[in-house]
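Asks: Here it is: the structure, laid out below.
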Amino acid sequence: MIEKTFTVAKVDNTLVTFALPKPQACSGCDGKCGSLTFAKLFANKRSELTIVSDAALEVGQKVDLTLDDSHVIKMSLWTYMVPLLLALVFTIVAALSLLLVKGGKFYLHC
């Protein structure tokens, strides 16, 4: 289980917005490392997370959110394995279509 403590920033009916804390790794070097530079370049400037919740929450309240590890593994498979398998399939299809165009023989051009 992955657990993280967030602070409630805004409550709008069933939508709850949490303020995301600054990563602990970034607080140690105070901007002297390369990771912070890349984070500034590529990060979207929002540091909030909005979810639907029926719980009675108040602004400023600390909330522990948990995520089951199996969800992380499933999303990792979808993120990395599916594009890899699709690339392999399209490579095979392209090679077979080139074989049909060239009359069934491979030609190497150097």
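Asks: Summing +1 for each Lys or Arg and -1 for each Asp or Glu, what net charge is found among the other residues whose Cβ lies under 14 Å from the Cβ of ALA55?
Replies: -3
Asks: How large is ³J(HN,Hα), in whole Hz, for each residue of the stretch 60-68 in order, when computed from phi with the Karplus curve 6.51 cos²θ - 1.76 cosθ + 1.60 and θ = phi - 60°, using x for Gly and Pro?
Replies: x, 6, 8, 10, 8, 10, 10, 10, 5
Asks: What net charge do the residues around MET1 carry, taking every other residue with its C-beta under 9 Å from that of MET1, with Lys and Arg at +1 and Asp and Glu at -1?
Replies: Every neighbour counted, the sum reads -3.
Asks: Need one number: nm distance between label points at LYS10 and LEU100, each 7 Å from Cα along Cα→Cβ, rounded to one decimal.
Replies: It is 5.4 nm.
Asks: Tell me which residues come under 5 Å, amide H to amide H, from PHE18 once H is placed; ignore anything under 5 positions away on its chain.
Replies: HN-HN under 5 Å from PHE18: ALA9, LEU49, THR50, ILE51.
Asks: Applying a 10 Å radius around every beta-carbon, put 57-69, 1-13 in order of their mean neighbour count, most first.
Replies: So the peptides 57-69, 1-13, ranked by packing, come out 1-13, 57-69.
Asks: On full extension of the chain, what length is gained from VAL82 through VAL52, given 0.36 nm per residue of separation minus the C-alpha to C-alpha distance?
Replies: Contour length minus the Cα-Cα distance gives 7.9 nm.
Computed from the coordinates by the stated procedures, all read-outs in this text should not be read as laboratory data. Please read all numbers here as calculations on a predicted model, not as lab measurements. A quick note on method: Cβ atoms are made from the backbone with ideal geometry, for glycine too, and the neighbour counts reach across all protein chains shown.
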